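Data first, discussion second: the structure below is written as structure tokens.
None of the figures in this text is laboratory data; all of them are computed from the coordinates on show. Not measured: the values here are computed from a predicted model. Glycine gets a Cβ as well: all are built from the backbone with ideal geometry, and neighbour counts include every protein chain shown.
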Amino acid sequence: MSVCAWLVYACLAHLCRAQRSEPMFGSVTNSVLPPDYENNPTQLNYGIAITDVDGDGDMEIFVAGYNGPNLVLKYDRSRRRLVNIAVDNRSSPYYALRDRQGNAIGVAACDIDGDGREEIYVHNTNNAFSGRATYSDKLFKFRNGRFEDLFSDEVNEYRDVGNRFSGRSVACVDRKGTGRYSIYIANYANGNVGPHALIEMDEAASDVPNGIIALSNVAEEAGVNKFTGGRGVAVGPIISQTLPDIFCDNEYGPNFLFRNNGDGTFTDIASQAGVEDAKQHGRGVALADFNRDGKTDIVYGNWNGPHRLFIQLSNRKHRFKDIATSKFSMPSPVRTVIAADFDNDNELEVFFNNIAYRGSSANRLFRVSRREHGDPHIEELSIGEAAEPEGRGTGAVVTDFDGDGRLELLVSHGENAAQPISVYRVIPGASNRWLRVIPRTRFGAFARGAKVVVYTKNSGPHTRIIDGGSGYLCEMEPVAHFGLGKDLATSVEVYWPDGRSMAKPLDPSDMNTVLEVLYPKDQQETTQAASSETELWQGTDLAKKE
């Protein structure tokens, strides 16, 4: 190597190290969501979910309040801050969402009845750590100009379908690929009281146009009504090509990996897959393709135990290998775990949200980088102001609420101390390219559980799964977010749970945009762009594409 070339290499290496040592997150809580009684009360909060609550096309942030009201935070572009639209006013269409009586911890949103709008499931644990609770969960539907609880309808009270067991996480699963979702509830059993539940609409007994939604618990039929200390849940095509599988990390018992049998029933294959981890106590979990081999990997945290990064092996046995380094696996009182490309540098990061439990416990951040030959490289990063060593973290989500193509991080707190919500913006990577893809179901709702693959000019394929519930008690935005660094995306493929798929070539003008992908029809249709920043297009049926 010549002296000139060596100097160039040394400068680039130094620049790279300097960039990677830059703190990832800076706090914007005081400007975006300052603590106050109406919008960011100092209370015990738990899970957070991202969905379009008011139906205007933008995402809102639903926060589960445990000893106070649930919150619905909307970004006010004129004021550049988040405001709570679930106000204490009975005439508000969002008043019922507050539900002050519930001790809410888990939340997820999805379209259960096929009307194109997501319902919101809130899991309450009043007066119970495990077993039977004293207050029912809520399933809110926008009906009659306001949100109403479906479990309170006469038809569902007669069916006695409301979940009254204490659990933790909830998630959405399109188990048959119909575009109508079921709600998976990871209940925390007390002996033989409180199995996992699966709530969905009984189509034969419902009248959707007239707002009559009859609900059933189909957990036994689906084969998931297990008794365990349920904790985290993540849903997506883990083993299956497109149909959703379910991964549950549990406490005082082995994890579950429910493979979709193709008919809406499931078989637990955790043992043969090597992910039982029976001696640990799971918490937050996320799905991602860390080594970009097209297979779904699983990352999760164990409570004061070794954290796991399970890479799916490239064979037909559907087995996983834990590649977590000693730093990555270091035990901590972990809660939420998130996998995302925060700085848009073309590599995934993993965020561990810890709770200050018997002393300080800072949050941590790792970059997981693909290597051509070998397991991904794992590197701890400077987390910056999101460390929160004294934070009582109970939940966290990522979303781009201001539409600039860069993810924001929100962290909720509670359990053993009332603290307001924190909001963080990413510091590095402002000039990096990005692409955001939002698939829709046949009914027009967010296609949670769909798989999106973006092919790039220099770094190959990148895969994301539209989140139906992950982290811990939480649900991320229903968007496939791709950081591209200086690379260019050349094409995108979307795979729906029912096996339908589509492909579209991309050009440089598609970078730094949001693509909304409609469910494919039998014949290709051309649609105009929805706006200058959001392109809307119709996929074609490529289900037979290998």
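Taking a ≥ b ≥ c as the square roots of the Cα gyration tensor eigenvalues, with a/c under 1.5 meaning rounded and otherwise prolate when a/b beats b/c, else oblate, which class fits the range 407-514? Please report the intermediate quantities before stating the final value.
On the way: a/c = 2.82, a/b = 1.38, b/c = 2.04.
Here the range 407-514 falls in the oblate category.
Arranged from highest to lowest average of other beta-carbon atoms within 10 Å per residue, in what order do the peptides 245-255, 48-58, 119-129, 228-238 appear? Working shown, then result.
Numbers: 245-255: 24.1, 48-58: 19.3, 119-129: 21.6, 228-238: 27.5.
Result, highest mean Cβ count within 10 Å first: 228-238, 245-255, 119-129, 48-58.
For the residue pair ASP207 and ASP56, what label-to-label distance in nm results when each label sits 7 Å from Cα along the Cα-to-beta-carbon direction?
According to this spin-label approximation, the distance is 3.4 nm.
Using C-alpha positions alone, give me the convex hull volume of the chain per residue in cubic angstrom.
Numbers: hull volume 83.9 nm³, N = 546.
Taking only Cα atoms, the chain has a hull volume of 154 Å³ per residue.
Hey, what did the chain get for relative contact order, percent, Cα under 8 Å, at least 6 apart? Could the numbers behind the result be given before it?
On the way: 1651 pairs, mean separation 76.6, N = 546.
Once divided by the residue count of the chain, the mean separation gives 14 percent.
Run the numbers for SER271 and ALA503: contour at 0.36 nm per residue of separation, minus the present Cα-Cα distance, in nm.
On the way: separation 232, 0.36 × 232 = 83.52 nm, distance 3.55 nm.
Extra length available between SER271 and ALA503 comes to 80.0 nm.
Would you calculate, for the chain, the mean residue ellipticity at 222 nm contributed by helices, counting each DSSP H stretch of 4 or more residues as -39,500 (n - 2.57) and dividing by all residues, to the nearest 500? Walk me through the numbers before you get to the answer.
On the way: 5 runs with 37 residues, N = 546.
Result for the chain, helices only: -1500 deg cm²/dmol.
Going by C-beta contacts inside 10 Å, put TRP496, TRP434 in order with the fewest on the left.
On the way: TRP496 27, TRP434 23.
Lowest count first: TRP434, TRP496.
Could you line up THR490, THR134 from fewest to most neighbouring Cβ atoms inside 10 Å? Don't skip to the end; give the middle numbers.
Numbers: THR490 15, THR134 12.
Ordered from fewest to most neighbouring Cβ atoms within 10 Å, THR490, THR134 come out as THR134, THR490.
What distance in nm lies between label points placed 7 Å from Cα along the C-beta direction at TYR158 and ALA418?
Between TYR158 and ALA418, the simple spin-label model gives 4.3 nm.
Could you check what % of the DSSP bridge pairs in the chain are antiparallel, to the nearest 5? List each step's numbers first, then the result.
Values: 119 of 132 bridges.
Antiparallel bridges: around 90 percent, rounded to the nearest 5.
Pick out, in residue order, every one of the GluC sites (Glu not before Pro) in the range 339-431 that is DSSP loop and has at most 11 other C-beta atoms within 10 Å; say none if there are none. Write out the running numbers ahead of the final one.
Working: sites: GLU347, GLU349, GLU372, GLU379, GLU380, GLU385, GLU390, GLU408, GLU415; in loops: GLU347, GLU372, GLU390, GLU415.
Hits after loop and neighbour filter: GLU372.
Using R₀ = 25 Å, calculate the FRET efficiency as 1/(1 + (r/R₀)^6) where r is the Cβ-Cβ separation of SER27 and MET330; round to 0.05.
Numbers: r = 25 Å, r/R0 = 0.98.
That gives a FRET efficiency of 0.55.
Can you grab the distance from the C-alpha centre of the range 369-441 to the C-alpha centre of the range 234-273, Å, no decimals?
Comparing the Cα centres of the range 369-441 and the range 234-273, I get a distance of 26 Å.
Please express the Cα-Cα pair-distance distribution P(r) of the range 302-411 as a list of whole percents, one per 10 Å bin, running from 0 to the bin with the greatest distance.
Once binned at 10 Å, the Cα pair distances of the range 302-411 give 13, 42, 32, 12, 1.
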